Amino acid sequence: MSLIIKGGTIVTADRTYKADIYCADGVIKQIGENLETPQGAEVVDASGQYVMPGGIDPHTHMELPFMGTVASEDFFSGTSAGAAGGTTMIIDFVIPSPKQSLLEAYDTWRGWAEKSATDYSFHVAVTWWDDSVSEEMGVLVKERGVNSFKHFMAYKGAIMADDEVLVNSFTRARELGAIVTVHAENGELVYTLQNELYAKGLTGPEAHPLSRPAEVEGEAANRAIRIAQVLDVPLYIVHNSAKDALNEIARARGEGQRVYGEVLAGHLLIDDSVYRHPDFEFAAAHVMSPPFRPKEHQKALWQGLQAGHLQTTATDHCCFCAPQKAAGKDDFRKIPNGTGGIEDRMGVLWHHGVNTGRLTMNEFVAVTSTNAAKIFNIYPRKGAIVEGADADIIVWDAEKSRTISAKTHHQNVDFNIFEGMTVKGANTVTISQGKVVYKDGELRTEKGAGRYIDRPVFASYYDALQIKRKTEEPTPVNRKSGKTEAA
Ligand code: URQ
Ligand code: ZN
Ligand code: ZN
């Protein structure tokens, strides 16, 4: 199976140039001007279009069992919808129940993900602690290709990690050379505010954002940053929705701490007015955590992305249909949290990022693909257009307009948070492992074609952190001599 992409302009995170790309055996074999078309190779005509690394969505939850139901998008339909929108890899989450073996949960999710159409990997959540968790984190790193561990600081009574779990898990991750990631909301505060609001008779979705104000996110972001700072472990904060969290990240990064920040396409474009919509289904369809925020937060998040305080974009694709959301009809605390977006992230970020001048095309590639590959240590296999990289590539027509709608999207959910939005700029072709999986509106994905992608530990930033730690090693005072022993 070989394929040649002719006549396009290649756009990577660091340069823009005209060249053809020849792919065979699932990888990029040759990049150069006016390449010969080898016998039997499929030709993709990219003239007048851009050619970019396929999008990497580092935050999805396909078929997640959550809040008494299961997300409606499975690994095949979700990765296919991603391919339709220019995303060629996801990093999903294994989320063990408290007291459940991490390895057992990992095997369960691996089974579900077998049906994926494009490549995938997993962050593993640490939702409880004892020696066996520490032990299994070691097995996951050394034998299962896991290099990132997730911690939900919210969801009290379910999967919330308290400070004891955070400190133990962060310490263990450092020993293993893994990065830690957090959902930063103070779960105790959320729990108290939820119950107070409900007791006051505020039972509708309009209470959801009131129960998790931006300060609740800012506190948790700061707490995670400070714990990571003291323990010398790199930290990645997922779905930053508020300037309260962004400011904590910017402060820490300004002081040289290795903290990375992710922002969702939805949080960049949607505000909290959605929760005051009179229609329950519309408002409930937007219930996710952290919630969509007042407008000034969107402005700050775009600035954070432009300034480099936030490095990646994602979707947190976690879909629940109206009948599922109706579980919270009389009690907002029971509305399954989650929204979709995997099919629209690339288009909405190009339209509101590149077409507005907020982002260059190269920055667009960085925040939709390359940075995630670097942080999660799979660059340049992923997120790059270089010889030897996986042939995960999109052909992008900057002039192509489309209007987003649940009526036409490929996502397996009955709602689209970007409903009615017209965006200019779209992938015309998506290539996964050197095969065309989407072309001019037609999905050609195959169930099970996706591969699990191992992610090695000790990314380069890790070594730097360990060197810093060594140089700051405290020296014991020799009480007999009364002098500090020479370092
Ligand atoms: O918190 C998450 O990331 C998962 C449970 C998806 N739901 C959500 O509201 N973000
Ligand atoms: Zn989350
Ligand atoms: Zn999530």
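Where a number appears in this text, it was derived from the coordinates with a stated rule and is not lab data. Everything numeric here is computed off the predicted structure, so don't read it as measured data. No Cβ is skipped: glycine too gets one built from the backbone with ideal geometry, and neighbour counts run over all protein chains shown.
What residues have an amide H closer than 5 Å to that of Trp396, excluding those fewer than 5 places away on the same chain, when H is modeled at 1.01 Å from N in the peptide plane?
Residues meeting the amide H criterion: Tyr50, Val51, Met52, Thr428.
Could you work out, for region 266-385, what percent of all Cα-Cα pairs fall into each 10 Å distance bin, beginning at 0 Å and stopping at the bin that holds the largest distance?
P(r) over region 266-385, rounded to whole percents: 13, 37, 30, 17, 3, 0.
List the equivalent ellipsoid semi-axes of region 150-234 in whole Å, largest first, each obtained as the square root of 5λ for an eigenvalue λ of the Cα gyration tensor. Could the numbers behind the result be given before it?
Details: eigenvalues 174, 25, 15 Å².
One finds semi-axes of 29, 11, 9 Å for region 150-234.
Could you work out the pair-distance distribution P(r) of region 3-156 from its alpha-carbon pairs, with 5 angstrom bin width and percents rounded to whole numbers?
For region 3-156, the binned pair fractions read 2, 8, 14, 16, 14, 12, 10, 9, 7, 5, 3, 1 percent.
Assign unit charges at the C-beta atoms only (+1 for Lys and Arg, -1 for Asp and Glu), then state the dipole size of region 7-67 relative to its Cα centre in Debye, rounded to the nearest 20.
In total the dipole reaches around 180 debye.
Please report the projected area of region 78-211's Cα convex hull averaged over all directions, in nm².
Averaging across all directions leaves 9.8 nm² for the Cα convex hull.
Expressed as a whole percent, how much of the Cα-Cα distance distribution for region 221-271 exceeds 15 Å?
Tail of the P(r) past 15 Å holds 41 percent of the pairs.
Under a straight-distance cross-link criterion of Cα-Cα below 27 Å, which lysines are reachable from Lys480, leaving out those fewer than 8 residues away in the same chain?
Correct list for Lys480: Lys470.
Tell me the Kirkwood hydrodynamic radius of the chain in angstroms, computed as one over the mean inverse distance between distinct C-alpha pairs. Let's see the in-between values first.
Working: mean 1/r = 0.0436 Å⁻¹.
Evaluated over the chain, this radius sits at 22.9 Å.
Filter the chain for me: DSSP H helices, axial length by Cα at least 30 angstrom, mean Kyte-Doolittle hydropathy not below 1.6. List them by residue number.
none
Starting from the alpha-carbon convex hull of region 10-93, give the projected area averaged over all orientations, in nm².
7.5 nm²
With θ set to phi - 60° and the Karplus curve 6.51 cos²θ - 1.76 cosθ + 1.60, what are the ³J(HN,Hα) couplings of region 355-370 in order, to the nearest whole Hz, using x for Gly and Pro?
Karplus values, whole Hz, x for Gly and Pro: 5, 9, x, 5, 10, 6, 4, 5, 5, 4, 5, 4, 7, 9, 8, 5.
How much length is gained if the chain between Lys424 and Gln229 is pulled fully straight, taking 0.36 nm per residue apart and subtracting their Cα-Cα distance, in nm to one decimal? Don't skip to the answer; put the middle values down first.
Numbers: separation 195, 0.36 × 195 = 70.20 nm, distance 4.17 nm.
Extra length from Lys424 to Gln229 when fully extended: 66.0 nm.
Could you list the GluC sites (Glu not before Pro) in region 242-331 that lie in coil according to DSSP, counting only those with at most 13 other Cβ atoms within 10 Å of their Cβ?
Passing both the DSSP loop test and the Cβ count: Glu255.
For region 60-76 and region 337-406, write down the distance between their C-alpha centroids in whole Å.
After rounding, the separation between the Cα centres reads 23 Å.
Taking DSSP loops as anything outside H, G, I, E and B, show the longest stretch in the chain free of trypsin sites (Lys or Arg not before Pro) there with at most 12 other beta carbons within 10 Å.
201-406
In whole Å and largest first, what semi-axes does the C-alpha gyration tensor of region 208-348 yield when each eigenvalue is scaled by 5 and square-rooted?
28, 16, 13
Which net charge results when you count Lys and Arg as +1 and Asp and Glu as -1 among the other residues whose beta-carbon is under 12 Å from that of Val190?
With Lys, Arg at +1 and Asp, Glu at -1, the neighbours total -3.
Spelling out what I want: for every residue of region 25-39, take phi, set θ = phi - 60°, compute 6.51 cos²θ - 1.76 cosθ + 1.60 (Karplus), and round to whole Hz; glycine and proline get x.
Result, ordered by residue: 6, x, 10, 7, 9, 8, 10, x, 6, 6, 5, 5, 8, x, 3 Hz.
In region 78-176, which GluC sites (Glu not before Pro) are in a loop and have at most 14 other Cβ atoms within 10 Å, using DSSP for the loop call?
Those that pass, being in a loop and sparsely packed, are Glu114.
Using every alpha carbon pair in region 399-487, what percent of pairs falls into each 10 Å bin from 0 up to the bin containing the largest distance?
Percent of Cα pairs in each bin: 12, 20, 19, 14, 12, 8, 10, 6.
Beyond a 28 Å Cα-Cα separation, which of these cross-linked pairs lie in this structure: Lys334/Lys447; Lys142/Lys243; Lys295/Lys325; Lys150/Lys374; Lys382/Lys447; Lys115/Lys150?
Beyond 28 Å: Lys334/Lys447; Lys142/Lys243.
Could you tell me what a quarter of the Cα convex hull surface of region 337-416 works out to, in nm² with one decimal place?
Spelled out: convex hull of the Cα atoms, projected over all directions, averaged, 7.0 nm².
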